[in-house]
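Colleague: Got a structure for you, written out below as structure tokens; questions coming shortly.
The values are calculated or read from the model by the stated rules, or taken from the named source; none is laboratory data. Small disclaimer: the values here were computed from a predicted structure and weren't measured. Methodologically, a virtual Cβ is constructed for each residue, glycine included, from the backbone with ideal geometry; neighbour enumeration extends over all protein chains shown. Heavy atoms of the whole protein, side chains included, go into the accessibility calculation; ligands, DNA and RNA do not. Shrake-Rupley method; radii C 1.70, N 1.55, O 1.52, S 1.80 Å.
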Amino acid sequence: MENTDTGRWDHTVDLLVVGSGAGAMTAALAGHDAGASTLLIEKSDRYGGSSAMSGGGFWVPNNHLMAGVGIDDDPDDAWTYLRETTAGNVSEDRLRAYLEKAPEMARYLHEQTRAEFVALPEYADYYQRVPGSRPGGRALEPKNFDAGLLGDEFLKMREQNPQMLIMKRIFMTVYEARTMLCRTPGWIGITMRLMAKYWLDIPWRFKSPRDRNLAMGNALIGMLRRSLMDRNIPLWLNTPARELIVEGDRVAGVAAEREGRAIRIEARKGVVLAAGGFEGNQVMREKYLPNPTRVEWSCANKHNTGDAISMAQKLGAGVDLMSDAWWGPTTVVPGEDHARMLVIEKSLPGSILVNKAGERFVNEAAPYIDVVNTMHAKDSPEKPCVPAYLVFDSSFRKKYPCGPILQASQHDWALPRALKGYFKRADTLEGLAARLDIDAKGLAESVRKFNEYARTGEDLDFHRGETVFDRYYGDEKVAPNPCLAPIEKPPFYGLEAYPGELGTKGGLKTDASARVLKESGEVIAGLYAIGNCSASVMGHSYPGAGSTLGPANTFGYIAARHAMGV
Ligand SMILES: Cc1cc2nc3c(=O)[nH]c(=O)nc-3n(C[C@H](O)[C@H](O)[C@H](O)COP(=O)(O)OP(=O)(O)OC[C@H]3O[C@@H](n4cnc5c(N)ncnc54)[C@H](O)[C@@H]3O)c2cc1C
């Protein structure tokens, strides 16, 4: 570790947090409440990062809200499940720290800040066959939050990824989204209520096209931002951290740029790096992730360019899991800045994913991370899986939304010009194969078999729809298997699906207190890393909905309190 001390500081605080996602804000709040003077610095002109764009859910086994929705949990079960899903890739002390502190963090946010959550009783852990799993309750989601409570500060919040909005502007909770997209009972009422609430909010319509009734990631960040405001904790926008400053044997602060001017910020108790992964950095993607890979395939905040990882590596910090990400098959929509993940479309009955040979290669309803892991594993020159192709027929098109396109209400002829070429469409499967440039015979055979499985209800090849997790995004009105329906009614449709992600998950090695470690395992004093700039406590796995925000918030909480000695 080099000593770069040059003397004068422009600003001094106890705890400096680099980044402004949910984990960063949780760290700042916990640090402040433990007695620290605290500052957050954010590189871009918006706060919130990918956290604001997200579903806002976080996975907390044994959380204090589960009992209220009728689901019990047990620390031993949670331990068995997490240890099994992380498959020996994460140290036991970090896993234990997560399981012990995540419920404490959730309770702290719920009771000491503006944050309010509900437990989702039907959002199952992703690996239902692993002992210790739960059919729901461990995933928490933020309640709606009134953007009016933020005043003009709301307009500086990063916008939600459009896939989380109705018509790119109206918010919905995870529960509402599932009800509407999977058309479970009550979906029409919910759609009408949300639309009416938006359009009848006349005063707010004069202020902003953005919905006041925040949900998902925007609600989470809104609650946390308001809690920072309650405490007068400053958050500086347009202030990228450039370098870590070392004094003696510890990190003493950060060299940053504030609105174009170089500044040095002293952090007496510690620096918490919370600057996201490297999803927005094409060079790092090609260096670390499986190739081919493109920034455009990512759903995440483009300002996350691996800065924190690079800064800490200069001090000898070790990294882990760098080839991994929070994968999911994504679609790139013309005219949109971020990709959308095909979460629901791939599970609803009547769509399949095929490779260039026209063959299915995966259980499409499996956790999105596994779909892309299989895409990578089975990708070969003979049978390329990158990109894959989502194929469906007109019955699916009429019933369900796909990417930016709504079901029946948005006919093909009424699509905006920018979306006209988004779907490939043909009257026969053979014609569709030609338009997608994939093998026609392979596709015909895949569809024939899939249609047979749809009739019997049993997918003999990939077992789609066999677990509660698969069926969460199925259509419960479809029998015998809510994830299977025949693809038979022309016209047929197809679109490319890429190995995209919600963010990268490899990063700095940390210990159970979120302190950054050198490759040797030695602690770099004064330096913490949380969220996607740290190697994930979930290893290569994705145990349940909210497996990225849960750890970001938890290790933010842990880091700040450790720095303050509580
Ligand atoms: C559409 C979508 C849906 C998702 N849904 C969920 C979900 O429901 N549950 C879940 O757990 N996860 C979800 N995720 C993933 C989750 O949002 C991210 O993994 C998580 O927000 C990462 O948090 P972070 O703090 O590491 O990064 P971020 O929240 O992105 O925050 C990092 C911040 O640091 C800033 N920054 C970067 N470099 C610097 C620098 N040099 N100096 C200062 N600031 C810097 C960035 O601009 C950014 O604002 C979703 C993601 C997306 C895109």
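Colleague: With runs of 4+ DSSP H residues as the only contributors, calculate the mean residue ellipticity of the chain at 222 nm using -39,500 (n - 2.57) per run, divided by the residue total and rounded to the nearest 500.
Modeller: Helix contribution divided over all residues of the chain: -9000 deg cm²/dmol.
Colleague: May I ask you to list the aspartates and glutamates whose Cα is less than 16 Å away from that of Lys197, ignoring any residue fewer than eight positions away on the same chain?
Modeller: Output for Lys197: Asp146, Glu176, Asp211.
Colleague: Between the helical axis of 216-230 and the dominant principal axis of the chain, each derived from Cα atoms, what acute angle in degrees is found, rounded to the nearest 10?
Modeller: 20 degrees
Colleague: I've got another one for you. Please turn the phi angles of segment 378-391 into ³J(HN,Hα) values with the Karplus equation 6.51 cos²θ - 1.76 cosθ + 1.60 (θ = phi - 60°), one per residue in order, whole Hz, x for glycine and proline.
Modeller: Once θ is set to phi - 60°, the couplings for segment 378-391 become 9, 5, 8, x, 6, 10, x, 10, 10, x, 9, 10, 8, 10 Hz.
Colleague: Right, here's the next one. Beta carbons within 10 angstrom, averaged per residue: use that to sort the peptides 192-198, 105-111, highest first.
Modeller: For the peptides 192-198, 105-111, the packing ranking is 105-111, 192-198.
Colleague: How big is the antiparallel share of DSSP beta bridges in the chain, given as a percent to the nearest 5?
Modeller: Taking every DSSP beta bridge with both residues in the chain, the antiparallel ones total about 70 percent.
Colleague: Among the listed pairs Lys207/Lys424; Lys168/Lys346; Lys168/Lys441; Lys346/Lys441; Lys356/Lys489, which are separated by more than 30 Å between their Cα atoms?
Modeller: Checking Cα-Cα distances, Lys207/Lys424; Lys168/Lys441 exceed 30 Å.
Colleague: Specify the inter-centroid distance of segment 460-512 and segment 125-147, based on alpha-carbon positions, in whole Å.
Modeller: 17 Å
Colleague: Would you mind putting 132-139, 424-431 in packing order, based on average other-beta-carbon counts within 10 Å, highest first?
Modeller: Going by the mean number of other Cβ atoms within 10 Å, highest first, we get 132-139, 424-431.
Colleague: Give me the distance between the Cα centres of segment 367-385 and segment 31-87, rounded to whole Å.
Modeller: 29 Å
Colleague: A further question on this structure: For segment 1-82, divide the Cα radius of gyration by the Kirkwood radius and give the resulting Rg/Rh value with two decimals. Could you put the intermediate results ahead of the total?
Modeller: On the way: Rg = 18.6 Å, Rh = 16.3 Å.
Ratio of gyration radius to Kirkwood radius: 1.14.
Colleague: Taking a probe of 1.4 angstrom, what is the accessible area of Val386 in Å², to the nearest 10?
Modeller: Solvent-accessible area, nearest 10 Å²: 30 Å².
Colleague: Where does each of Val271, Val343 land when they are ordered by accessible area, with a 1.4 Å probe and the largest first?
Modeller: Greatest to least solvent exposure: Val343, Val271.
Colleague: Please state the equivalent ellipsoid semi-axes for segment 45-169: what are the square roots of 5 times the Cα gyration tensor eigenvalues, largest first, in whole Å? Intermediate values should be presented prior to the final figure.
Modeller: Details: eigenvalues 176, 51, 47 Å².
Result for segment 45-169: semi-axes of 30, 16, 15 Å.
Colleague: For the Cα atoms of the chain, what angle does the longest principal axis make with the long axis of helix 22-33, in degrees from 0 to 90, nearest 10?
Modeller: Between the helix axis and the principal axis of the chain, the angle is about 30 degrees.
Colleague: Over segment 415-549, with every protein chain in place, what whole percent of the accessible area is carbon and sulfur at 1.4 Å, could you tell me?
Modeller: C and S fraction of accessible area: 50 percent.
Colleague: Follow-up question, since we're still on this one. Output the 0 to 90 degree angle, nearest 10, between the alpha-carbon long axis of helix 75-86 and the longest principal axis computed from the alpha carbons of the chain.
Modeller: 70 degrees
Colleague: For the peptides 162-170, 327-335, what is the packing order when you average, over each peptide's residues, the other Cβ atoms within 10 Å and list the highest mean first?
Modeller: Going from most to least packed, we get 327-335, 162-170.
Colleague: Can you return the lysines within cross-link range of Lys269? Criterion is Cα-Cα under 24 Å, with same-chain partners fewer than 8 residues away left out.
Modeller: Straight-distance partners of Lys269: Lys43, Lys101, Lys314, Lys509, Lys518.
Colleague: So which GluC sites (Glu not before Pro) in segment 205-278 end up in coil per DSSP with only 13 or fewer other C-beta atoms within 10 Å?
Modeller: Details: sites: Glu243, Glu247, Glu257, Glu259, Glu266; in loops: Glu259.
Qualifying residues, ordered by number: Glu259.
Colleague: Give me the accessible area per residue for segment 374-437, probe 1.4 Å, as a whole number in Å².
Modeller: Normalised by residue count, the accessible surface of segment 374-437 is 50 Å².
Colleague: Now, a different point. Take Glu476, Glu359 and sort them by solvent-accessible surface of the protein heavy atoms, 1.4 Å probe, largest at the top.
Modeller: These residues rank, largest area first, as Glu476, Glu359.
Colleague: Grab the other residues whose beta carbon is less than 12 angstrom from that of Arg231, score K and R as +1, D and E as -1, and report the net.
Modeller: Numbers: positive: Arg114, Arg225, Arg226; negative: Asp33, Asp230.
So the environment of Arg231 carries a net charge of +1.
Colleague: According to the Cα gyration tensor, what semi-axes, each the square root of 5 times an eigenvalue, does the equivalent ellipsoid of segment 118-245 have, listed from largest to smallest in whole Å?
Modeller: Output for segment 118-245: semi-axes of 29, 24, 12 Å.
Colleague: So, one more: Return one quarter of the surface area of the convex hull spanned by the alpha-carbon atoms of segment 225-380, equal to its mean projected area, in nm².
Modeller: For the Cα atoms of segment 225-380, the hull's average projected area reads 13.3 nm².
Colleague: Eigenvalues of the Cα gyration tensor times 5, then square-rooted: what semi-axes does that give for the chain, in whole angstrom, largest first?
Modeller: Its equivalent ellipsoid spans semi-axes of 40, 25, 23 Å.
Colleague: Let me ask something else. Determine which aspartates and glutamates satisfy two conditions relative to Lys398: a Cα distance under 16 Å, and not lying fewer than 8 residues away in the same chain.
Modeller: Excluding near neighbours in sequence, the set is Glu345, Asp412, Asp427, Asp475, Glu488.
Colleague: So, counting K/R as plus one and D/E as minus one, what does the shell of residues with Cβ under 15 Å around Glu519 add up to?
Modeller: Combined, the nearby Lys, Arg, Asp and Glu give +1.
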